[in-house]
1. I'd like the orientation of helix 417-428 relative to the chain: the angle between its Cα long axis and the longest Cα principal axis, in ° from 0 to 90, rounded to 10.
2. Just to be sure I understand the model, the point goes 7 Å from the Cα along the line to the Cβ. What's the resulting LEU291 to LYS466 distance in nm?
3. Would you please name the GluC sites (Glu not before Pro) within the stretch 47-135 that are DSSP coil residues with at most 11 other C-beta atoms within 10 Å of their C-beta?
4. Tell me the relative contact order for the chain as a rounded percent, counting alpha carbon contacts under 8 Å between residues six or more apart.
5. Dividing the Cα convex hull volume of the stretch 563-631 by residue count, how many Å³ per residue is that?
6. How much length, in nm to one decimal, is gained on full extension between LYS260 and ALA556, taken as 0.36 nm per residue of separation minus their Cα-Cα distance?
7. Just to confirm my numbers, what's the Cα centroid distance between the stretch 135-149 and the stretch 164-205 in Å?
8. Longest segment of the chain with no chymotrypsin sites (Phe, Trp or Tyr not before Pro) in a DSSP loop having at most 13 other Cβ atoms within 10 Å?
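FYI, it's all coordinate maths here, none of it is from the lab. Predicted, not measured: the structure shown is a model, and the values here were computed from it. Virtual Cβ from ideal backbone geometry, glycine too; neighbours counted across all protein chains shown.
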Amino acid sequence: MKIERKAVISWKATSDLSFSTIVIDAAFKSSEYFECNYKNQKNELCEKTTIEILLTAAYAPDLRYDELIFFETAEKIEKIYKPFEHFDHKSLSATLYCIITNQRKIIIQSERPHPFLVRQNDINSLSVNAIIDAAFLHPSWDLSKGQRISSAAAVQPSGTIYQFNYSIYYFSLSQSFVPVQQWIYPFALKAAFILTDHCDFDNAQKLKIFLYGNNNDGWAGRGLKITKGVFTLAPLPGEERKNDSLEDQPYAKLIEALHKDGSEIVPHALKSKGQLSSTSFHKALAILTKLYRPQTWIDHGSYLKYCYSQGAKENPDYMLVNSLKQGGFNNLWSYHDVNTDAIDTLNIFSARRFGPRKIIMKIFRNFFTGKWLIAAHYLRSLLHRGYKKNIVTDFLMYAMASTKGIFIEWKKGNRNLFKSLKIFFSAMGRFNSYRNNIPVPYDNKDLLQYAPPLYCENRMPFPESKPGDMLMFSTFETTHLLDIYNQKALDNLIKEYGTHIGHTYILNDLPYLNHIFSGKSDQMKLSEKWIKFTALLSDYVNNKLLWNPNMGEYVAHIKELQNVCITYVAHNKVSIQNGNSEAIEGYTIIIPAVYKPSGYLNGLLAEAISTDNNYHFFVFDVQPGISEFEYLSSN
């Protein structure tokens, strides 16, 4: 039962229209950009393939691995399937395929969460395809030139190493193989719900209502967490003030209460407006870091030189990424929201492209009920999520964005129509300098299908992340909170085993949003819909259906899981190698629900802690080093 394997590496330079290929028919191959080492280790149970690519020149990589596997004529492929259909590279998981032939069972498994696909070509052959790196795996934006320019296709220096591993396991038809998968959530929790909140509209009055509600029915005291952005510094005398900061004592006391309640308090930059000197930047960052030990940075503004989108990583006055690492940060956000609207799904792992039906319905419903500003904002969302851009949609988007400042002034009582129109048309005159025609180095369809929500800040794909790396994350922009967050949306998130990462402005009460408040400013209170949602969210979290970490906790856990490797040592036994220096509490593995919910962990009986329609969930603390899980293999 021999097989024949033919593998190639494909690559493309940024300026190339098509891929070049190199056949891997020996242990070592080279091209103008890289050297490739190919290893294929065999034993009685499996073949492990290791591809190591060393860049020998500076290069913005677009690298693919493709292999054809041919069976002998007498061996026929009968079935190829994924036993864990909910999990793949987008959900930050290794991918596993089962192949049934008329002579044996075969498992093909990636070691880390590269985009990985196994497909049948004909009755005697299949193909293995993997994306090692591409621009759409790490979307990012440079705003330093006054325009939104993609920086996803970053040039990696000579000496950069990529590694891709996968294994092929062989079992007889008589052996009852049971697939095992690492679960990405701790303690068998079914989904994750994370909010990262921007403080552009914060003040003490609204924050107090958010925390405590109308009658102790707010966010606080429910066992819920949020990653709450704050400004450390207040405006200087003479500078515009539109929000509170940690230098405002009533607001600072409420933020301290939120922190004690379990939430993560993080810098949304360090000041609402205005540049900071190197000394002021480092002093303000040190103050917030000492107070709250945040792990998350959220960029703010489109001109602040100390922010990531303005090139602060390399700016010697700030050295932002190094400064954040020294302060214990592990992740940052800088202006990337997914194209999917959260009104369609909360699940950031979803690769489904939704139509505009729900948003169009919201436009008409709000328009015909007199909520014209909300209808207009939904139109903005429809244009913003569009996969094809042109000058008309860009102009409409720019025009809508330019009205926000007018709404803010009118909210504060500064209702000077002539001045507002002057500001608006002045902004319109700057449209040509705002818009750019520089192409994005990927197709949005690839972004939707392949991009995970976490990736390396240095534009390496997530599978290449190492323990000390800073990660970036994507978000859903969630503005109309009362339309987005409800029981149906949460239930679907749990059903899909998804992760939600919201980019919110929870305290924004401007009239173009369906926000969480009701009543005028002097009689403001929480909306009944929001009170109902937070009660439901609390119930799901406290009843162990939903994981509600802050962003720093989520990233730390996912990074730990990348140092754990599951390999098969027999048809009914796996080795779990924890490469971390400490145990992972609540580590969870799953097997399909059609099998028995029992096994042995290091020789001791282990029963599934829970079971749903799809999987059995086994939970234990996995210690550093190697553990073995043996399962009862008859179904």
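1. For helix 417-428, the angle is close to 40 degrees.
2. Here the modelled spin labels are 3.5 nm apart.
3. Numbers: sites: GLU47, GLU52, GLU67, GLU72, GLU75, GLU78, GLU85, GLU111; in loops: GLU72, GLU75, GLU85, GLU111.
Those that pass, being in a loop and sparsely packed, are GLU85.
4. Details: 1326 pairs, mean separation 102.8, N = 635.
16 percent.
5. Values: hull volume 5.5 nm³, N = 69.
Cα convex hull per residue, to the nearest whole number: 80 Å³.
6. On the way: separation 296, 0.36 × 296 = 106.56 nm, distance 2.02 nm.
Separation in residues times 0.36 nm, less the Cα-Cα distance, equals 104.5 nm.
7. Taking the Cα centre of each part, the stretch 135-149 and the stretch 164-205 sit 28 Å apart.
8. Details: sites that count: TYR303, TYR387.
With chymotrypsin sites (Phe, Trp or Tyr not before Pro) excluded where exposed in loops, the chain gives 1-302 as its longest stretch.
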